[in-house]
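Worksheet: one structure, shown below.
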Amino acid sequence: MGRMRQRTKIVAIATLLLGLAVFTATVAAGALKWSRLGRLQGTTGAQPLVAALAAHPTDPDILYAGAWLTTPGAALVYRSADGGATWQPADAGLPTDLDANTGVEDLLLDPTNPDVVYAALHRRGIWRSDDAGATWQNLSDDALAADEDVIDLALDPESPATLYALSTDGLNVLSSDGRWKAMNRGLPRPETVVYNGLALDPTDPGTLYIATSPKGLYRTTNGGRNWRENNFQLGGGVRNLKGVAVSADGDLFVSLRSVGLLRSADDGRTWTPSQEGITFTNTLFGTVSAPIFDPNDPEVALVYNSDGVFRSADGGTTWQRLSEGLSVTAVVTTLAFAPARPDVAYGGTAAGGVWMMAEQVTDPPDPPDPPARLMFVPMIRK
């Protein structure tokens, strides 16, 4: 009798083992995209031009919008307590004898006490609310007239009681004693220039910049007591200087119509172009806003022009158009980041209300079929 010889050969048989596979679904992160927020209450038809936005530093649900009275029923200031889903007028105490050529130029929240809100009104001075926009009082005095055309505001981060206000007549500073003081020594006379923008250096709050046309950029290093022209190598572009900004690390940016966006890492002594990726299809070449920077990530910045909104993720070196979801009729007029919501920004438009830019989260994909498990069955051959 022959001896039985056993050989074992491994044969793979695929079988489904239901209930043994574990599937973990993760939410897929989508691209940044714009979506329209709620309608500004009281308006019909086209919404008013939104020229200023401010987001609460710690509460992601609280937003403010400053409008121009371009449509019937519009208010000067709106407040949202639900992230922009709904908006209520917040202008009790603000002027009422206004026309369509009047509105809010700038809004500012005190970061140490966000119930304190400042509003700069076109030809109606500066107003302050101490109760989150419920009521307002005028801050005018002998130095800052009630009909002053204030265009830009800035708070000293080391001393929030110090408020800087740039108007068509120059710079005024509101100090802790509650009085305004003109800070114009070295600045050009108002009748010779147009004041276009104010920027404070976050790395040195005593250093401020003012953009003018046609005389260019001015700089102070002592809180505005003295100003000097700062037009090194800007050449003829200074005649078209439209805006100025300073990044979290102190880099200086200027916007010059017909030239574009320039950047300086040495306080304006030398300049390099900083607009790679920004297009000018629907506007005069070089027309672009001064950048704003994300307080949650200083490398992230936004600018806008008639071609849309552009985002930089490398501190302003390169830019990418970011207008997905934004209506073609929504002409952006202002931008603001949300300090309490990383990767979120807001845009005000000329007639389309307020929009939010955020990462769109897509639904998780359906789970795949449970994976096949290999079962090894020995086959015995004689």
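FYI, it's all coordinate maths here, none of it is from the lab. Keep in mind the model is a prediction, meaning the values are calculated, not measured. All Cβ positions, glycine included, derive from the backbone under ideal geometry; neighbour counts span all protein chains shown.
Here is how the numbers come out for the structure above:
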item: Segment ASP59-THR135, extension gain: residue separation times 0.36 nm, minus the distance between their alpha carbons; result: 25.3 nm
item: Cα gyration tensor, the range 317-359 - rounded (a/c under 1.5), prolate or oblate; result: oblate
item: Förster-model FRET efficiency, 41 Å R0, ASN184 and ASP97, C-beta, rounded to 0.05; result: 0.85
item: Residue-by-residue Karplus 3J(HN,Hα) for the range 203-214, coefficients 6.51, -1.76, 1.60, Hz, glycine and proline x; result: 7, 7, x, x, 9, 10, 10, 10, 9, 10, 9, x
item: Stretchable slack from ARG225 to THR86, in nm (0.36 nm times residue separation minus alpha-carbon distance); result: 45.7 nm
item: Contour minus Cα-Cα distance for GLN233 and THR44 (0.36 nm per residue); result: 63.1 nm
item: Residues SER289, SER255, sorted so that the one with the fewest Cβ neighbours within 10 Å comes first; result: SER289, SER255
item: Projected-area average for the chain over all orientations - Cα convex hull basis, square nanometres; result: 27.8 nm²
item: Distance in nm between pseudo-label sites at THR279 and ASP343 (7 Å out along the Cβ direction from Cα); result: 2.5 nm
item: Convex hull volume of the range 247-370 per residue (C-alpha atoms, cubic angstrom); result: 144 Å³
item: Kirkwood Rh in Å, taken over the range 146-299 so that all alpha-carbon pairs contribute; result: 15.8 Å
item: Point-to-point label distance, ASN113-ALA351, nm (Cα→Cβ direction, 7 Å offset); result: 4.2 nm
